[in-house]
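Take a look at the structure set out below.
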Amino acid sequence: MDQSKRILSGMRPTGRLHLGNLHGALKNWIQLQDQYECFFFVADWHALTTDYADPGAIRQNTWDMIVDWFAAGLDPQKAVVFIQSQVKEHAELYLLLGMITPLAWLERNPTYKEVQQQLDTKDLATYGFLGYPVLQAADIIIYRAHGVPVGKDQLPHVELTREIARRFNFIYQREVFPIPDALLTEAPVLPGTDGRKMSKSYGNCIYITEPEASVRQKILQMMTDPARARRTDPGDPEKCPVFDYHKLYSTPDDMAHVMHGCRTAGIGCVDCKKILLAHVLEHLAPIWNKRQSLEKDMDAVRACIEDGIQKARREAQRTMDQVVATVGLGNHV
């Protein structure tokens, strides 16, 4: 493990994780924890930027997500795992960074307008939503992280964090913060059961710990290549959402069998799905078993998170001592 490199990432608590979350981020975290010093957190304050009017589910969603993390293989003995709101120093640094962040930087954030349009039923014309990239910057640089694993769509967020860190160092003429790099991860974008991107808002998710019967029903009812209207019609696997799952779960031999059978109409879509289903269930079984074990001892789960919170606080406090002294505040002469 390279202890000289520190990695940080977080997820908003939206409840139990689906296969898109697993392959889009969590599997990468699990690999990183064996390679670097890692800090992973539940971004519950970030959840308030869009759900401030209806925050009732955030607490339960937080613990559901944490248990899924551990069930999938994230190890609190290898990484520091904590809850953002329990480390108050994030908010202190957020305040101080807000003093130096130009308003124009936030208004040009490409996600700002996009999310407002996507969530047009919510009032997101708030200071908290406009300023969430500053909180995100505080999350990252308070731990003096060297790298942030992201997909291409999140690169502008990391670049804004880099700009804020550089501006702080320049204004106060002191290299308090290392400039973090974006660790670009080529994560597969899994389609949902209806062919669109897997998203809880679309109701098309397959969750990593939902009952086997439910997973079976969802996979067998998945949308396939529309060209295969009849069993005897040949199809194109590359146009079929089910084949995206085969690429992740099936053996090379089964993939070759499915590709040939689809293109020649040698097998039907149900046959294809049954092959996939066997591989998915095999992959998810140990995650289900681990989650059941964790749910029986939630006190141990909470103890792991409390330990992570204490470790995160110590690092955050160390940074804030430097920040406060640099800015010229605090109880010193």
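Overview of values
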read-out: Pick from the stretch 82-141, criterion at pLDDT below 95 and basic (K, R), ranking: nearest to R318 (Cα to Cα); value: R108
read-out: Some residue of the stretch 213-224 being over 26 Å from A187 (Cβ atoms), open to solvent by 20 Å² or more (accessible area, probe 1.4 Å) and among the polar types (S, T, N, Q); value: yes
read-out: Candidates R162, R166, R174 - the one that is basic (K, R), in a helix (DSSP H, G or I) and open to solvent by 70 Å² or more (accessible area, probe 1.4 Å); value: R166
read-out: Test: residue in the stretch 158-180 that is at pLDDT below 95 and in contact with a His (Cβ under 8 Å, 6 or more places away or on another chain); value: no
read-out: Count of the stretch 141-159 residues which are in contact (Cβ under 8 Å) with a residue 40 or more places away in the chain, assigned to a helix (DSSP H, G or I) and open to solvent by 10 Å² or more (accessible area, probe 1.4 Å); value: 2
read-out: Cβ pairs under 9 Å, 6+ apart, first in the stretch 205-227 and closer than 17 Å to G268 by Cα, second among the aromatic types (F, W, Y); value: I219/Y245; M222/Y245; T224/F243; D225/F243
read-out: The stretch 177-196 - residue that is open to solvent by 60 Å² or more (accessible area, probe 1.4 Å) and part of a loop (DSSP other than H, G, I, E, B) and, of those, nearest to F39 (Cα to Cα); value: E186
read-out: Within the stretch 44-80, considering residues that are within 20 Å of P133 (Cα to Cα) and of a type in the set (D, E), the one most open to solvent (accessible area, probe 1.4 Å); value: D51
read-out: Residue that is farthest from K122 (Cα to Cα), among those in the stretch 29-58 that are in contact (Cβ under 8 Å) with a residue 60 or more places away in the chain and not in a helix (DSSP H, G or I); value: Y36
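The values are calculated or read from the model by the stated rules, or taken from the named source; none is laboratory data. In this text the structure is predicted, and so the values were computed from the model without any measurement. Ideal geometry is used to build each Cβ from the backbone, glycine not excepted, and the neighbour counts take in all protein chains shown. Only protein heavy atoms, including side chains, enter the accessible area calculation; ligands, DNA and RNA are left aside. Shrake-Rupley method; radii C 1.70, N 1.55, O 1.52, S 1.80 Å.
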